[in-house]
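Peer 1: A single structure is presented below for examination.
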Amino acid sequence: MSLLDIDDLVVEYPGKGWRRAPFRALKGVSLSIGTGETLGLVGESGSGKTTLGRAVLGLAPVSGGTIRYDGRVISTLNRAQRRALSDEIQVVFQDPYTSLNPAMTVEDILTEPLLVTGVSRVEAERRVRDLLDQVRLPADAGQRLPREFSGGQRQRIAIARALSRDPRLIVCDEPVSALDLSTQSRVLDLFIEIQERTGVAYLFITHDLAVVRHISHRVAVMYRGEIVETGDAATVTQNPEHPYTRRLLLAAPVPDPERQARRRAERLALLEGRA
Amino acid sequence: MSERRQGLTRRLLRDPVAIVCLAVLGLIVLASVLAPLLASHDPNTSSLQDTLAPPSGDHPLGADGVGRDVLARLLYGGRTSLLGALVAVAVAVALGVPTGLIAGYYRRGFDAVASWTANLLMAIPAIVVLLVVLAVVGQNMYLAMVVFGLLMAPGVYRLIRASVTSVREELYVDAARVSGLGDARIMRRHILPVVIAPTVIQAAQMFGLAIVIQSGLEFLGLGSASEASWGAMLNDAFANIYTKPILLLWPGLAVALTVAAFGLLGNALRDALNGSRRASNKAPAPTTPAAMAGPAIHIDGDELLVVRDLRVAYDQEVVGGVSLAVRRGEVLGLVGESGSGKTQTAFAILGLLPPEARVSSGQLLFDGQQLSRAAVPKLRGRRIAYVPQEPMSNLDPSFRIGAQLTEPMRRHLKLSRAAARRKALDLLARVGIEDPERVYSSYPHQISGGMAQRVLIAGAVSCDPDLLIADEPTTALDVTVQAEVLDLMRSLQSERRMGMILVTHNFGVVADICDRVAVMQTGQIVESAPVAELFANPQHPYTRMLLDSTLEDSAPRTRQEEMA
Amino acid sequence: MIAFLVRRVVAGVVLVLVIATLTFGLMSLTGQDPARTIAGQTASHEQVAQKAAELGLDRPLPVRYADWLSHAVRGDLGSSWFTNEPVTSALGNKLPVTLSIVLAGLLLSAVLSVALGVAAAVRGGWLDRAVQGLAILGFAVPSFLVALLLALVVAVKLGWLPATGYVPLEQSPSLWTQSIALPAIALAVGAIAATAQQVRGSMVDVLKMDYIRTLRSRGVSERSLLFRHALRNAAPPALTVLSLQFIGLLSGAVVVEKVFGLTGIGTEANSAASQGDVPMVMGVVVVMVLMVVLVNLLIDVAYGWLNPKVRVS
């Protein structure tokens, strides 16, 4: 049985203004994630990929379908019941600048999720040292404020926060998109290493096919609120079936002038053929 | 969070203005509290023989129109004014803060009702209501100040609601919720700390406002006759303005000084707060290694633009001696990570750096001509054009697309209104916009990001420039749109034989469109080569590291694990 | 845009209604018995009762309010309880005075605050510091203190302008200008300070915007950049401040009128409220709130004209 099962999920945001039709961000999405697996979710802006992640986290209004975690429906929980799930499902957001409260020290940020569970402060602080070590940050990082860290380091802090409750699923919403190239690959390697060590599953949301190929076991492609293709990473990111996925793949430029020229020609041919 | 508040207090106490304000206010409060000890007269006892008495040992500041001691009235009046203002501010804060918190955090119905009520209250001329209230309650100034607090509460409400709404959108609040924090805890730890400082600032200003309105009412002759007040003193002074204008001085000074101190204190608080905000948003500045000469550039006379030894500095040097050359019809890629100085280099060439930047360049050659930096603005738009990164923020939201496109054409090409319009429509069609007429008469908020970027490209090429400088022109776009925009730029560039400098961090984009590449690291060009050569045989270790970091060619994880 | 304005008009009407209702309710809460006050302390119970019947005070409050409202919507605001003068004609005589000083003050604030704010934002340096200083001063010295100072120095000591009195515009435009100059300046100082500060702030912000840089890269003239593009984008928040300042201006007028011996709406408000002259107070309140509603509506139109997001969609 899978860890997370999403079945025919519909999310609607109320229309802006009086009596406007609601905006349907997800139009019946189904997918599943197994224990210790990474599911890459690829799509362009407005495809609904972020909304799907937020729905799993209980931050988006579910108006149809179900989300099951460990066999139990979690899409209809109230806030208090939802809170109890916080040691199962965690999150790493895209923007490492706004996802950490600028006024709190790293230690405060990392102990916060522990203290709500009733762990003593001494125990929480011990755990923070362990977490900082896991994400390869120096032990004295706890006393500093987020602004003293670079983007990549901040993202490590966010990962440490997600790990603090030993979750079994982490929703990663574009966690490396704001990072420089070299930092990006190091943070991705950290994600993989943590998964291999702890067996946590990832719902890895990104617009970048290369990133998704690197980290995912399976990949789902979203387009305008629907999933158009699912399959193992190698197939979807190298020999996709759906025309949209193919377009997406051919649109991403490869860092090799000759191959890129070929890819460009291929893409233009595909577009001509369609027209 | 405690650290930040300590920081705020510390910063505030380093500001001399704030210290003076606090001292002045402290003195005024102290004098009012100690009025019975400091004043030798009762503030309300009048004696006819002392009418309009000049300053003397008995009356240090003289006596007023009915022979009351001015000093005593000034000191006791401070009590009335300060207490009244305190009442008003307390009411405003007590009403405004909780409602603002609830409306901002939970929104929905409560927000709608509360915001509507606030708008209503804000449109009421306060003094009219206060006149009516004072007529009804029989000259009780404290009650009037309660009502004034009610009228000021919407200001507090709006401020709090706005700050809560913006904090609520922050990802760290979402993260806290996912971490299992309840609403009460989120409010206490994440929302209240953000709200406290602006509330204090506003409270300081409301204090001043309350003192002003209260003394105005007393000046009109309202308020308790048995209590000395600054406004009542002004009223008395006004009655004697022809005979003894000096009487205006003390109460006028008291009001102005108190209000100014509150106002300045509010400003100082805001500055201290902004100081901390600014610091937190500051990206780490790149550290510059000792200046070294970049790769020498080879010049054979066919260059469109040659830049030698360009330097840009703010507090630190961010571009340290960059030299580069672009030929007509050539695309030069300027590649680097954030903080490498690539964008600063582009802006320096365009002369578009903010005034605080210090720019120097050994040499600037454009189309064979030696150029001074002062001559660059004359070329902008005409011969050198710019395509920005963020499409939406680079169009003026208040003007139609058409107006923004035609303005430079009419100026540079001296086109008539109709000719400029025709050319703009042709350009819009050329950049692949399907309905040029509609886009021409649209406002920026009515078109998509991809379309906006096409509009910006159309604007850049509108006056047939020789050189196009594009700063990450596709970074903000979706990949499919990026591919189309790159196609467009390539075809425009080759059909007009423009030279082009393309700033990017994406080696895929470089491979797609560039002829030559310059790699930047911490303000210097570390390697420069024709594109095929650079990818085939990178020389500098930094270039090799960057190329190794690209994930394009990494094996899919599924495949890797099958092999393992 | 039409829908936006209709919403504003409806809100304005509601505002007038709510405030009229509140005032009527409040005024009836006074401990005073107006019939007794008018009839005099020596009057007998019968005489007082007769006076009360005459004024309609023997009827229940809701009936009185409904009666007032039904007349008011037809433009009849009743007559003063004390002078028997119809409220509309009493206010009609006084409105030009208040309107003159308040609108002149508003115009003065709008023009000077834009000039000062733009200059401070663009020039910076001492000019910027001077405008910031003025802002503090304008905030700290209330309009009636400015009025007292102006009256004392310009009118009494220097004798340049009249200290008191109002000359109607139709009688002599130049004397009218002289008679409202000092009150209008006294009123405007605070509004100029606050609005100039806002204009400066939003100009500084707008000049840092990406689109200004892009327009500059296209070779748009600095003049057009500043006055066509930057000012237009900086204007909406300044307009919001100005509309709030206008409400303050009206409040200030009540006090400033007293200093310059002008018999305007403000003076009437003060005396009517202290006498408990309900029809007159109601008239003053309605007229004042109507002025706020109308000026805000004008400012809304300007706002909509400046901001395409309000106008289009």
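Peer 1: Go through the stretch C:269-280 and count every residue that is small (Gly, Ala, Ser) and within 8 Å of chain B (Cβ to nearest Cβ). Before you say what the answer is, go through the steps one by one.
Peer 2: Here is the first cut: in the stretch C:269-280, the residues small (Gly, Ala, Ser) are C:269, C:271-274, C:276.
Keeping just the survivors that are within 8 Å of chain B (Cβ to nearest Cβ) gives C:269, C:273-274, C:276.
Result for the stretch C:269-280: 4.
Peer 1: Go through (1) more than 14 Å from every other protein chain (Cβ to nearest Cβ); (2) assigned to a helix (DSSP H, G or I) and name the single condition C:Val6 misses.
Peer 2: Only one criterion is unmet by C:Val6, namely (1).
Peer 1: For the stretch C:268-281, indicate whether the set of residues that are touching a residue at least 40 places away in the same chain (Cβ under 8 Å) and either within 15 Å of C:Leu187 (Cα to Cα) or in contact with a strand residue (DSSP E or B) (Cβ under 7 Å, 6 or more places away or on another chain) (or both) is non-empty.
Peer 2: Scanning the stretch C:268-281 turns up at least one residue that is touching a residue at least 40 places away in the same chain (Cβ under 8 Å) and either within 15 Å of C:Leu187 (Cα to Cα) or in contact with a strand residue (DSSP E or B) (Cβ under 7 Å, 6 or more places away or on another chain) (or both).
Peer 1: Further, regarding this structure: Restricting the stretch A:85-106 to residues that are surrounded by 19 or more Cβ atoms within 10 Å (Cβ to Cβ) and part of a helix (DSSP H, G or I), which is farthest from the other protein chains (Cβ to nearest Cβ)?
Peer 2: A:Val106
Peer 1: When you check B:Pro198 against the structure, is it within 13 Å of another protein chain (Cβ to nearest Cβ), of a type outside the set (Asp, Glu) and assigned to a helix (DSSP H, G or I), yes or no? I'd like the intermediate steps shown before the answer.
Peer 2: Working: within 13 Å of another protein chain (Cβ to nearest Cβ): no; of a type outside the set (Asp, Glu): yes; assigned to a helix (DSSP H, G or I): yes.
No.
Peer 1: Quick check, is B:His540 at the interface with chain A (Cβ under 10 Å from one of its Cβ atoms), surrounded by fewer than 24 Cβ atoms within 10 Å (Cβ to Cβ) and touching a residue at least 12 places away in the same chain (Cβ under 8 Å)?
Peer 2: Working: at the interface with chain A (Cβ under 10 Å from one of its Cβ atoms): no; surrounded by fewer than 24 Cβ atoms within 10 Å (Cβ to Cβ): yes; touching a residue at least 12 places away in the same chain (Cβ under 8 Å): yes.
No.
Peer 1: What number goes with the only condition from (1) surrounded by fewer than 19 Cβ atoms within 10 Å (Cβ to Cβ); (2) more than 10 Å from chain C (Cβ to nearest Cβ); (3) out of contact with any Asp or Glu (no Cβ under 9 Å at 6 or more places or on another chain); (4) not acidic (Asp, Glu) that B:Pro245 does not pass?
Peer 2: (2)
Peer 1: So for the stretch C:26-35 (the condition being more than 12 Å from every other protein chain (Cβ to nearest Cβ) and exposed (fewer than 13 other Cβ atoms within 10 Å of the Cβ)), does at least one residue qualify? Show your work before the answer.
Peer 2: Initial filter on the stretch C:26-35 (more than 12 Å from every other protein chain (Cβ to nearest Cβ)): C:33, C:35.
Subsequent filtering for residues that are exposed (fewer than 13 other Cβ atoms within 10 Å of the Cβ) retains none.
No; the residues of the stretch C:26-35 include none that is more than 12 Å from every other protein chain (Cβ to nearest Cβ) and exposed (fewer than 13 other Cβ atoms within 10 Å of the Cβ).
Peer 1: Determine which member of the set C:Ser251, C:Ser243, C:Ser271 is assigned to a helix (DSSP H, G or I), among the small types (Gly, Ala, Ser) and surrounded by fewer than 20 Cβ atoms within 10 Å (Cβ to Cβ).
Peer 2: Values: C:Ser251 fails: surrounded by fewer than 20 Cβ atoms within 10 Å (Cβ to Cβ); C:Ser243 fails: surrounded by fewer than 20 Cβ atoms within 10 Å (Cβ to Cβ).
Going through C:Ser251, C:Ser243, C:Ser271 in turn, just one is assigned to a helix (DSSP H, G or I), among the small types (Gly, Ala, Ser) and surrounded by fewer than 20 Cβ atoms within 10 Å (Cβ to Cβ): C:Ser271.
Peer 1: Let me ask you something else. Looking at (1) at the interface with another protein chain (Cβ under 9 Å from one of its Cβ atoms); (2) modelled with pLDDT of 90 or more, which is the one condition that is false for B:Ala203?
Peer 2: Of everything listed in (1) at the interface with another protein chain (Cβ under 9 Å from one of its Cβ atoms); (2) modelled with pLDDT of 90 or more, B:Ala203 misses just condition (1).
Peer 1: If you don't mind, another one. Quick one: in the stretch B:115-131, which of the residues that are free of Cβ contacts under 8 Å to residues at least 24 places away in the same chain and in a loop (DSSP other than H, G, I, E, B) is farthest from C:Met288 (Cα to Cα)?
Peer 2: Initially, the stretch B:115-131 is screened for residues free of Cβ contacts under 8 Å to residues at least 24 places away in the same chain, giving B:116, B:120, B:123, B:125, B:128-129.
Among the residues that remain, those that are also in a loop (DSSP other than H, G, I, E, B) are: B:123, B:125.
Details: B:Ala123: 11, B:Pro125: 8 Å.
By that ranking, first place goes to B:Ala123.
Peer 1: Having 2 or more residues that are assigned by TED's automatic domain parsing to the domain that holds B:Pro251, of a type in the set (D, E, K, R) and closer than 30 Å to B:Leu151 by Cα is the bar; report the helices (runs of 4 or more DSSP H) wholly within the stretch B:1-114 that clear it. So that I can check it myself, show each step before the final result.
Peer 2: Working: elements: B:2-13, B:16-33, B:35-38, B:70-106.
So the answer is B:70-106.
Peer 1: In the stretch A:78-104, which residues are within 22 Å of A:Gly34 (Cβ to Cβ) and aliphatic (A, V, I, L, M)? Give the steps one after another, and end with the answer.
Peer 2: Pass one, the stretch A:78-104, residues within 22 Å of A:Gly34 (Cβ to Cβ): A:85-92.
Within the stretch A:78-104, A:Leu85, A:Ile89, A:Val91, A:Val92 qualify.
Peer 1: Cβ-Cβ under 9 Å, sequence separation 6+ or interchain: first residue in the stretch B:501-524 and in the same structural domain as B:His540 (by TED's automatic domain parsing), partner surrounded by fewer than 24 Cβ atoms within 10 Å (Cβ to Cβ) and of a type in the set (Lys, Arg). Which pairs?
Peer 2: Cβ pairs passing all conditions: B:Ala511/A:Arg259; B:Asp512/A:Arg263; B:Asp512/A:Arg264; B:Asp512/B:Arg490; B:Ile513/B:Arg490; B:Asp515/B:Arg327; B:Arg516/B:Arg327; B:Gly523/B:Arg311.
Peer 1: If you take the residues in the stretch C:206-223 that are more than 7 Å from chain B (Cβ to nearest Cβ) and in a helix (DSSP H, G or I), which one is farthest from C:Val114 (Cα to Cα)?
Peer 2: C:Ile212
Peer 1: Mind counting the residues in the stretch A:236-264 that are more than 18 Å from B:Val510 (Cβ to Cβ) and more than 8 Å from chain B (Cβ to nearest Cβ)?
Peer 2: Of the residues in the stretch A:236-264, 10 are more than 18 Å from B:Val510 (Cβ to Cβ) and more than 8 Å from chain B (Cβ to nearest Cβ).
Peer 1: State whether the residues of the stretch C:140-148 include one that is in a loop (DSSP other than H, G, I, E, B) and not charged (D, E, K, R).
Peer 2: yes
Peer 1: Give C:Gly304, C:Gly283, C:Gly266 a once-over and let me know the one that is more than 11 Å from every other protein chain (Cβ to nearest Cβ), touching a Lys or Arg at 6+ places or on another chain (Cβ under 8 Å) and in a helix (DSSP H, G or I).
Peer 2: C:Gly304
Peer 1: I need the full set of residues from the stretch A:176-217 which are of a type outside the set (A, V, I, L, M, F, W, C), over 22 Å from B:Thr480 (Cα atoms) and surrounded by fewer than 23 Cβ atoms within 10 Å (Cβ to Cβ), in order please.
Peer 2: Within the stretch A:176-217, A:Ser182, A:Thr183, A:Ser185, A:Arg186, A:Asp189, A:Glu193, A:Gln195, A:Glu196, A:Arg197, A:Thr198, A:Gly199, A:His217 qualify.
Peer 1: Looking only at the stretch C:121-138, count how many residues are assigned to a helix (DSSP H, G or I) and within 17 Å of C:Leu225 (Cβ to Cβ). Please lay out each step first, then the result.
Peer 2: Here is the first cut: in the stretch C:121-138, the residues assigned to a helix (DSSP H, G or I) are C:121-123, C:125-138.
Remaining after also requiring within 17 Å of C:Leu225 (Cβ to Cβ): C:121-123.
Final tally of qualifying residues: 3.
Peer 1: Hey, does the stretch A:53-65 have a residue that's away from every other protein chain (no Cβ under 12 Å), in contact with a Leu (Cβ under 7 Å, 6 or more places away or on another chain), in a helix (DSSP H, G or I) and crowded, with 20+ Cβ neighbours inside 10 Å?
Peer 2: Yes - at least one qualifying residue is present in the stretch A:53-65.
Peer 1: Scan A:Ala162, A:Ala158 and give me the residue that is in contact with a Cys (Cβ under 9 Å, 6 or more places away or on another chain), hydrophobic (A, V, I, L, M, F, W, C) and surrounded by 17 or more Cβ atoms within 10 Å (Cβ to Cβ). It would help to see each step written out before you state the result.
Peer 2: Working: A:Ala158 fails: in contact with a Cys (Cβ under 9 Å, 6 or more places away or on another chain).
Going through A:Ala162, A:Ala158 in turn, the sole match is A:Ala162.
Peer 1: Going through the stretch A:110-125 one residue at a time, which ones are at pLDDT 90 or above and at the interface with chain B (Cβ under 8 Å from one of its Cβ atoms)?
Peer 2: Answer for the stretch A:110-125, where residues must be at pLDDT 90 or above and at the interface with chain B (Cβ under 8 Å from one of its Cβ atoms): A:Glu112, A:Pro113.
Peer 1: Would you mind finding the one in C:Val287, C:Val295 that is surrounded by 21 or more Cβ atoms within 10 Å (Cβ to Cβ), within 16 Å of the chain's Cα centre (by Cα) and among the hydrophobic types (A, V, I, L, M, F, W, C)? Full working, then the answer.
Peer 2: Details: C:Val295 fails: surrounded by 21 or more Cβ atoms within 10 Å (Cβ to Cβ).
After ruling out the rest, the residue left standing is C:Val287.
Peer 1: Considering B:Gln363, B:Gln389, which residue is more than 8 Å from chain C (Cβ to nearest Cβ), of a type outside the set (Lys, Arg), in contact with a strand residue (DSSP E or B) (Cβ under 8 Å, 6 or more places away or on another chain) and loosely packed, with under 13 Cβ neighbours inside 10 Å? Don't jump to the end; show me each part of the working.
Peer 2: Working: B:Gln389 fails: loosely packed, with under 13 Cβ neighbours inside 10 Å.
Only one candidate qualifies: B:Gln363.
Peer 1: Conditions first: (1) buried (at least 16 other Cβ atoms within 10 Å of the Cβ); (2) part of a helix (DSSP H, G or I); (3) not hydroxyl-bearing (Ser, Thr, Tyr). C:His71 passes all but one, so which condition is the exception?
Peer 2: Exception for C:His71: condition (1).
Peer 1: Keeping to the stretch A:126-168, report how many residues are over 23 Å from A:Thr35 (Cβ atoms), outside any helix (DSSP H, G or I) and within 13 Å of chain B (Cβ to nearest Cβ).
Peer 2: Within the stretch A:126-168, residues that are over 23 Å from A:Thr35 (Cβ atoms), outside any helix (DSSP H, G or I) and within 13 Å of chain B (Cβ to nearest Cβ) number 4.
Peer 1: Tell me yes or no: at least one residue of the stretch B:160-177 is of a type outside the set (A, V, I, L, M, F, W, C) and more than 14 Å from chain A (Cβ to nearest Cβ).
Peer 2: Within the stretch B:160-177, the first condition is being of a type outside the set (A, V, I, L, M, F, W, C), and the residues that meet it are B:161, B:163, B:165-166, B:168-170, B:172, B:174, B:177.
Next, from what is left, pick out any that are more than 14 Å from chain A (Cβ to nearest Cβ): B:161, B:165.
Within the stretch B:160-177, one or more residues are of a type outside the set (A, V, I, L, M, F, W, C) and more than 14 Å from chain A (Cβ to nearest Cβ).
The values are calculated or read from the model by the stated rules, or taken from the named source; none is laboratory data. No experiment lies behind these values; they were computed from the predicted model shown. Here Cβ is always computed from backbone atoms with ideal geometry, including for glycine, and neighbour counts include all displayed protein chains.
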